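Asks: Okay, handing you the structure first.
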Amino acid sequence: MKITISPTPLTEQKKDAAVVFFQGTEALLPVGNTKLKKLATEYVKHSAFKGQAGQTATFPTAGKIAAKQLIVAGIGEAKDFHNGLLEQAAATAVRAGRAAGLKSFALASSIKLKGVSETDYHLLAGRGACWGSYDYSKYKTTEKKKATPTLVFAGAVKDRSAIKTAEAQGAALLSTADVANGPGSDSTPENIAKWAKKMAKENGLSCQVLGDAELAKKGCGGILAVSQGSAKGAKMIILKHAGTNKKAKPIVLVGKTVTFDSGGISLKPGRGMGWMRYDKCGGMAVLAAMQMIARMKVKTPVVGILGAAENMPGSDAIRPGDIITAYKGKTIEVLNTDAEGRLVLVDAIGMAADLKPAAIVDMATLTGAVIGALGAAASAVLGNDAQLAGNLIDSASTAGERLWQLPIYKEYTDDMKSDFADISNISKSNGAGTATAAAFLQEFVPEGIPWAHIDIAGTAWLESAKPHQAPGATLFGARLLAQWADSIKG
Ligand code: BES
Ligand code: ZN
Ligand code: ZN
């Protein structure tokens, strides 16, 4: 979505719609917008719109301001506010406008909202508006492709950089969403690797792809075990952003990229299995984040590693009871072939550790258990370094995404012991599925490397429509990873 800046006030913008955010009954317009504030407040007073999160309403302006329509969008009450609600309100407004055939949108250049700086507002509202303009329509033969809408921030802007960032991040999200929403037959490890190479070239990143033969030579027995039941080969995709701070150690972002998780021989039940095409969303978040990081010219060096494989049953598939050797030599007893994400991740984490990084952060749709713990309201973060987890939680909060920390107690690590190999891929006891998975991963992180694991199984995609988004990939995690990478001074 093209985003521009214009000094002409919002009331004089000749666009299809002027958008005003509401916190409950309060229009969040900055001082100097008395006329528009009055008008907006008057309209909503006589409507069902109460400024709740996800609520929106459209009013014809009948010439009272230059825009044809006034769209109001709610962010809920102050006590429930988090940055994500502002981003979602912007997306909701654009989605509502587009459904009514509107193409050009105008927003005030600043907002009166406690705890949200002008630059945060620019990034959240700009990025949200872009997200609201997205449709996954590749396989819709009857729908006409809608024109790409435009957005203008109206009024004085001191610092334009966050608006430019919003536009760049929006573009990264939209292009990656097409890959993330692709079915397993289309977004295969090979096609994702091809797409990553193209994206890298366009954005000044380097990209290296390791196929089955190279992975076998390196001893990456985890990712190969997962993909051995599939006719589609595995790919380890390594993207590098050099950064300007040549002396700094890189941070490494690792993404689980299981293009379809049938469960393998430990086959999943049929109901809802189609959603397992979104089991690649950790990798998709890393892919989008790498594109954002390149466009933002982040100072610190960043490496992205995607472990891409398909988990299928078949005569060559890994069997429960098989013992495999992961990269670096640790043996794993595979007691459940559906706990495959961790097998892919440990090879990628091993390769990340080879880079002597400042930190490793992995992102994965790893456990159904995290949905039981946090639902879709937050993702879980776990790890070996309190400061790293804290920094990620803070970056997430600024970026409008929520993280909640879970512990990795020794009991969880003990539960992962195997009688026949170094470690088992499932826990001996029931419960704490998210933490035992993290405890498993932790065993593959060398001493002294700060590491965090983010489980996005509950947040990576929507199964039913929300006002701000149609069903499909959310790309949760991309925004927080870009925010965190950009915050690193070193
Ligand atoms: N991809 C799934 C986790 C998942 C489940 C993501 C539901 C999103 C929604 C993962 O590979 C898996 O199957 N995990 C198992 C682990 C178990 C066998 C220890 C799970 O969570 O049930
Ligand atoms: Zn699985
Ligand atoms: Zn999985």
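Asks: How much accessible area per residue does the chain have, in Å², with a 1.4 Å probe? Intermediate values should be presented prior to the final figure.
Replies: Values: 19950 Å² over 490 residues.
Heavy-atom SASA per residue in the chain reads 41 Å².
Asks: Counting only DSSP beta bridges with both residues in the range 172-487, what percent are antiparallel, rounded to the nearest 5? Before the final figure, lay out each step's value.
Replies: Values: 23 of 48 bridges.
Beta bridges within the range 172-487, antiparallel portion: roughly 50 percent.
Asks: To the nearest 0.05, what FRET efficiency results for T8 and D80 with a Förster distance of 25 Å applied to their C-beta separation?
Replies: Calculated transfer efficiency: 0.15.
Asks: Given axes a ≥ b ≥ c from the Cα gyration tensor, I'd like to know whether the range 92-223 is rounded (a/c under 1.5), prolate (a/b larger than b/c) or oblate. Write out the running numbers ahead of the final one.
Replies: Working: a/c = 3.07, a/b = 1.68, b/c = 1.82.
In terms of gyration-tensor shape, oblate.
Asks: Right, here's the next one. Taking the dipole about the Cα centre of the chain, with the C-beta of Lys and Arg at +1 and of Asp and Glu at -1, give me whichever of A378, I111, S137 is farthest to the positive side.
Replies: I111
Asks: While we're here: Which one of M292, A231, N203 has its Cα pushed farthest toward the positive end of the charge dipole of the range 172-487, where Lys and Arg give +1 and Asp and Glu give -1 at the Cβ?
Replies: N203
Asks: Run the numbers for E443 and D135: contour at 0.36 nm per residue of separation, minus the present Cα-Cα distance, in nm.
Replies: On the way: separation 308, 0.36 × 308 = 110.88 nm, distance 4.08 nm.
Taking 0.36 nm per residue and subtracting the Cα distance, the gain is 106.8 nm.
Asks: Which percent of the accessible heavy-atom area of the range 172-487 goes to carbon and sulfur, probe 1.4 angstrom?
Replies: Values: 6060 of 11750 Å².
Carbon and sulfur atoms account for 52 percent of the accessible area of the range 172-487.
Asks: Using just the helices of the chain, give the 222 nm mean residue ellipticity in deg cm²/dmol: DSSP H runs with n ≥ 4 each add -39,500 (n - 2.57), and the total is spread over all residues, rounded to 500.
Replies: Details: 14 runs with 166 residues, N = 490.
Computed mean residue ellipticity for the chain: -10500 deg cm²/dmol.
Asks: Then there's this: I'd like to know how the range 42-141 sits against the 2.2 N^0.38 Å rule of thumb: what's its Cα Rg over that expected value? All intermediate terms of the calculation are to be shown ahead of the outcome.
Replies: Working: Rg = 14.2 Å, N = 100, 2.2 N^0.38 = 12.7 Å.
Computed over Cα atoms of the range 42-141, the ratio equals 1.12.
Asks: For the range 147-275, what is the Kirkwood hydrodynamic radius in Å, using each pair of distinct C-alpha atoms?
Replies: 17.9 Å
Asks: Using +1 on the beta carbon of Lys and Arg, -1 on that of Asp and Glu, and nothing else charged, what's the dipole of the chain about the Cα centre, debye to 20?
Replies: Details: 57 positive and 43 negative charges, 473 e Å.
So the magnitude is around 2280 debye.
Asks: Which three extents, in whole angstrom, do the alpha-carbon atoms of the range 325-457 cover along their principal axes, largest first?
Replies: Principal-axis extents of the Cα atoms in the range 325-457, largest first: 45, 35, 23 Å.
Asks: How long are the semi-axes of the equivalent ellipsoid of the range 172-487, taking √(5λ) for every eigenvalue λ of the Cα gyration tensor, in whole Å from largest down?
Replies: Working: eigenvalues 132, 90, 85 Å².
They are 26, 21, 21 Å, listed from largest to smallest.
Asks: Grab the Cα-Cα distance for S206 and R160, subtract it from 0.36 nm times how many residues apart they are, and report the gain in nm with one decimal. Mind showing how you got there, number by number?
Replies: Numbers: separation 46, 0.36 × 46 = 16.56 nm, distance 2.85 nm.
Additional length available on full extension: 13.7 nm.
Asks: Obtain the radius of gyration and the Kirkwood radius of the range 368-409 from its C-alpha atoms and give Rg over Rh.
Replies: Numbers: Rg = 10.4 Å, Rh = 10.7 Å.
Looking at the range 368-409, the ratio lands at 0.98.
Asks: With labels modelled as points extended 7 Å from the Cα through the Cβ direction, what inter-label distance (nm, one decimal) is found for A376 paired with K249?
Replies: With each label point 7 Å from Cα toward Cβ, the separation is 3.9 nm.
The values are calculated or read from the model by the stated rules, or taken from the named source; none is laboratory data. Just so it is clear, the structure is predicted and the values come from calculations on it, not from any experiment. Every residue, glycine among them, receives a Cβ derived from its backbone with ideal geometry; neighbour counts consider all protein chains shown. Quick note on the areas: whole protein, heavy atoms, side chains included, nothing else; ligands and nucleic acids left out. Shrake-Rupley method; radii C 1.70, N 1.55, O 1.52, S 1.80 Å.
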